Amino acid sequence: MASPASHPRLSLGAEGPPPRLARGLALLDGLEARGIWFAPIRHHSPACALAVRHLIKAVSPQAVLIEGPAEYDSLLDLLCHPEAEPPLAVLGLPKKGSAVFYPLADFSPEWVALRDGAAGGAHVAFIDASPEEDSESGEGVAALRGERYYAESRSLAQLARHEHCRDHDELWDHLFELRGADADARRLFRDVFAWSTLARLDYEPEVLEAEGSVQRESVMAAHILRWRTQALGSLVVVTGGFHTLALAEALAVALDVTGAPPPAEENAIEEQPRRNTMLGGAWLVRYSLGQLAAQTGYGAGIAAPGYRQRVWDAPTGAAGRLGAQCLADVARTAGAAGTAEAVGAAQVIEAALQAERLAALRGHAVTGRSDLLDACTSCFSGGADAPAALRSAVAKVFNGDKEGRLPPGCPAPPIVQETRKTALDLRFNLSSGESRTTALDLRRSPNARRRSRFLWLMAFLDVGFAQRLSGPDYAAGEALSRAQEKWSYAWTPMVEAALVALVTDGATLADAARKRLRSRLADEEDERPRSDRVAEVVAQAALIGLADEFPALEQMLYEVIGQDSDLGSVLGAARRLLGLTRAAEVLDLARPQQLEALVARAVPQLVYLVGQSADVPEDAEERAVEAMIGVRELIGLLDGLSEPGFPSGVGAAELAAQLSESLDRLRRSGSAAPGVAGALMAFAEIDGTAPDGEVAARLRGLFAPGADPALAMRFFQGLMRAAPDLILHTPELFEVVDQALGDMDEPAFLAFLPELRLAFARLRPRETARLAEQVAKLSGLGAQDIATGAGDVSEADLRLGVAVEAALLESLEADGLGAWARGGGAQ
């Protein structure tokens, strides 16, 4: 690579710069003569930040004008407060669309412009337009400034190839970040202007107008012109380099600078800057380097912000030691994470030397980001295939984890204030950001129930505040015997950031939760509605305390149940509803009878769908068996209810009887698929409704000579799935299975081996031991002989063993030892 110092205005080819770029460079000179000093920057660039510092010191401007919505001027006192510590971000709330963040790090040129400008006595102001009402709609948390034009620029891609760089980020580092601390600020800004203009010229004006750049530039030019006409001294204008060409051309036309382009719509200036279109105002919030990382957060982030922070913080002359320290920290972090391939001191030393050699080869004045990352790949364990812990360590060190600090008295966005107040009112400890645990006895304490609803709400909104560790899940009807919920919780800057992101869903926690619930329902309406998913939304509304959503949800679920043709779906809905009815008091549900009515609505639909399950295809048989087991479990839940009756006038016991009769009717019909029939036969045997010996007789018939053994195996699998221990308690059934397996020839046994393993895998360890005892008793062996090592034998081992035994028997037969091999003695 050529040295960055040899690129005072980038490599623009033998033909020189494009005419518009050459004219733009001349216009910058002309505008400086009029007291307007442009500082074209790349957001979050330490090199640009340092150049801004030098420019402000050299020019001593009367005003420093910064790209950013003009409404943010209301936050200037907070931004310039001595106790404000980046990373921070301004949160803007447009009338429509997503919230927008304006992040600031120590090394952001805008932050340096704010602080150094104010410290030098200059007026500081933001000059950009507010986000358009429809901007970035539907994207969640949008970036106010994007880098996509640089990433997609053909000219920059061509220049990267010419400089042997892998992408525009590496090219940027090569040309700008590695110039050294004594780089000339004015020359750097001219080169940034050239870099940015090359990218801009790759795009048609129509594209830039459609996405809003042209309109924003018109507003910024109007603000600059207003300041120029009012101020007596110089102006420093700090904007993204992508906008500088358009701003320079517009101002040159307005101020009649020599060489200005003809007036055109593209360089028009708004007569009056736009008025505030923000609805919720602007708020200063904490941010983190992790959010700023290009890989994980803000769309206009820059690669490796943690490394950039180290560069910015490093004392003058310490750049040579910075790379080695980064590599040592990677090794230390990987070791703390427990990577199997530890990075030793020798590898760190070798990586540091490798990075220095790469920097020299590439013409870098100091070791850079790409030099260090390439050295990690080359010298640390595994190279490009390094263990996950090592890759994670590299990302952690280079991305950084620094979090900002707000100045005292800084107001928080309303949703953060609401959440914090609610948590404190409920006596959660929010100090220090440490993770804490709390146990809640929901049956005894109304306050515990209120705390539980708040924790469920925070978990549902997924803001990182709360995680349930154990306890009953009343919505799913699981672990209901447990008396307590146990949660962990922690209030951290990331929780605040996640809450801020919620403003796109609603101004309050309840509004955000309602929008998410309704979004889930909208997804159901877009597809074929499933009652289990709608019931899940009902359960979620109950857990987080959105009682006002119940009437509409219950009506929707009532309609969906009657239309749902999926047995598993209706079954899942009924189970969730029963779980809620049993927890009505704990969840403070005002109308549990409405949930009971929905259960009563689901039972007739289940009865109908059970009747339709007779002839399912083989590939759906396992799911059908699971559904039959689920129906039987639902019968048990209904039988266990103590309520005298449901609002429909039908008691829980009668509903259970209807379901039981539907299962028995399907069994008696003889039309059920083999696996389903096996499960139903197991139920009847357990309940005592099947005639004596019917299960064994049915299985004996299926395994009889001439019958299809595949059907018999499917029946047996269904039986074992429904009641695996039945074979232990029914001697006649055990004997039928033993005889059937003994009568199989080896090819048939091998063919059904996977199904047999799956069927017997349903047994618990103690049941397996009992089965081994029974098999041993029949074979004349000890149970220990059968059980020993069984868990270590794979299906492939069994197949190989059978094949070897067959080959050995054939060989012995050929030698006249067949009778001996079969246990009959030598001939």
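The values are calculated or read from the model by the stated rules, or taken from the named source; none is laboratory data. From a predicted model like this one, the values you see are computed outputs, not experimental measurements. When we count neighbours, we look across all protein chains shown, and the Cβ atoms used for this are built from the backbone with ideal geometry, even at glycine. Surface areas here come from the heavy atoms of the whole protein model, side chains and all, with no ligands, DNA or RNA. Shrake-Rupley method; radii C 1.70, N 1.55, O 1.52, S 1.80 Å.
Brief remarks on what is shown
- Residue within the stretch 564-572 that is within 28 Å of L663 (Cβ to Cβ), in a helix (DSSP H, G or I) and at pLDDT below 90 present: no
- Subset of the stretch 685-699 [among the hydrophobic types (A, V, I, L, M, F, W, C), in contact with a helix residue (DSSP H, G or I) (Cβ under 6 Å, 6 or more places away or on another chain) and assigned to a helix (DSSP H, G or I)]: V695, A696, L699
- Against the criterion of being modelled with pLDDT of 75 or more, over 17 Å from G801 (Cα atoms) and of a type in the set (A, V, I, L, M, F, W, C), A761 qualifies.
- P493 satisfies every condition listed in (1) buried (at least 21 other Cβ atoms within 10 Å of the Cβ); (2) more than 24 Å from P472 (Cα to Cα) except (1).
- Counting residues in the stretch 179-198 that are hydroxyl-bearing (S, T, Y) and open to solvent by 20 Å² or more (accessible area, probe 1.4 Å) gives zero.
- Candidate set from the stretch 208-219 (those that are part of a helix (DSSP H, G or I) and within 12 Å of S130 (Cβ to Cβ)); member that is least open to solvent (accessible area, probe 1.4 Å): V219
- For the stretch 727-743, the criterion of being open to solvent by less than 60 Å² (accessible area, probe 1.4 Å), out of contact with any strand residue (DSSP E or B) (no Cβ under 8 Å at 6 or more places or on another chain), among the hydrophobic types (A, V, I, L, M, F, W, C) and not in a helix (DSSP H, G or I) is satisfied by no residue at all.
- Helices (runs of 4 or more DSSP H) within the stretch 1-105 that include 3 or more residues modelled with pLDDT of 95 or more and buried (at least 18 other Cβ atoms within 10 Å of the Cβ): 19-33, 46-59
- When the stretch 700-725 is limited to residues that are in a helix (DSSP H, G or I) and over 20 Å from A624 (Cα atoms), the one that is most open to solvent (accessible area, probe 1.4 Å) turns out to be R700.
- Candidate set from the stretch 507-517 (those that are in contact (Cβ under 8 Å) with a residue 60 or more places away in the chain and either surrounded by fewer than 19 Cβ atoms within 10 Å (Cβ to Cβ) or out of contact with any Asp or Glu (no Cβ under 7 Å at 6 or more places or on another chain) (or both)); member that is farthest from F550 (Cα to Cα): A507
- Top-ranked residue of the stretch 565-582 - restricted to ones that are over 31 Å from the mean Cα position of the chain (by Cα) and open to solvent by less than 30 Å² (accessible area, probe 1.4 Å), ranked as farthest from D523 (Cα to Cα): T581
- Selection count where residues are in contact with a Phe, Trp or Tyr (Cβ under 8 Å, 6 or more places away or on another chain) and in a loop (DSSP other than H, G, I, E, B), scope the stretch 106-132: 2
- Total residues in the stretch 174-199 satisfying the condition of being small (G, A, S) and within 16 Å of L21 (Cβ to Cβ): the figure is 3.
- Number of the condition not met by D615 [criteria: (1) closer than 26 Å to R451 by Cα; (2) outside any helix (DSSP H, G or I); (3) touching a residue at least 40 places away in the same chain (Cβ under 8 Å)]: (1)
- The combined condition, being within 29 Å of A293 (Cβ to Cβ), part of a helix (DSSP H, G or I) and either in contact with an Asp or Glu (Cβ under 8 Å, 6 or more places away or on another chain) or modelled with pLDDT under 95 (or both), is not fulfilled by R166.
- Flag if L763 is closer than 26 Å to S613 by Cα, surrounded by 17 or more Cβ atoms within 10 Å (Cβ to Cβ) and not hydroxyl-bearing (S, T, Y): no
- Across the stretch 414-437, the number of residues qualifying as in contact with a Leu (Cβ under 8 Å, 6 or more places away or on another chain) and either outside any helix (DSSP H, G or I) or not basic (K, R) (or both) comes to 9.
- Identity of the residue in the stretch 230-245, farther than 24 Å from L104 by Cβ and of a type in the set (A, V, I, L, M), that ends up surrounded by the most Cβ atoms within 10 Å (Cβ to Cβ): L245
- Residue in the stretch 183-203 that is free of Cβ contacts under 8 Å to residues at least 40 places away in the same chain and polar (S, T, N, Q) present: no
- Of all residues in the stretch 454-474, those satisfying the criterion of being over 15 Å from L442 (Cβ atoms), outside any strand (DSSP E or B) and in contact with a strand residue (DSSP E or B) (Cβ under 8 Å, 6 or more places away or on another chain) are M458, A459, F465.
- Total residues in the stretch 148-163 satisfying the condition of being in a loop (DSSP other than H, G, I, E, B) and open to solvent by 10 Å² or more (accessible area, probe 1.4 Å): the figure is 1.
- Within the stretch 347-372, the set of residues being open to solvent by 50 Å² or more (accessible area, probe 1.4 Å) and in contact (Cβ under 8 Å) with a residue 60 or more places away in the chain comprises L361, A365.
- Residues that are within 30 Å of F380 (Cα to Cα), of a type outside the set (D, E), open to solvent by 70 Å² or more (accessible area, probe 1.4 Å) and touching a residue at least 24 places away in the same chain (Cβ under 8 Å) do not occur anywhere in the stretch 413-436.
- Top-ranked residue of the stretch 488-525 - restricted to ones that are in a loop (DSSP other than H, G, I, E, B) and modelled with pLDDT of 85 or more, ranked as nearest to Q540 (Cα to Cα): T508
- Subset of the stretch 744-760 (residues that are without any contact (Cβ under 8 Å) to a residue 12 or more places away in the chain, open to solvent by 70 Å² or more (accessible area, probe 1.4 Å) and touching a helix residue (DSSP H, G or I) at 6+ places or on another chain (Cβ under 9 Å)): none
- Among (1) open to solvent by 10 Å² or more (accessible area, probe 1.4 Å); (2) part of a helix (DSSP H, G or I), the one test that A656 misses: (1)
- The set of residues in the stretch 536-573 being in contact with a helix residue (DSSP H, G or I) (Cβ under 7 Å, 6 or more places away or on another chain), closer than 27 Å to R444 by Cα and touching a residue at least 40 places away in the same chain (Cβ under 8 Å) consists of E536, V538, A539, Q540, A542, L543, I544, G545, F550.
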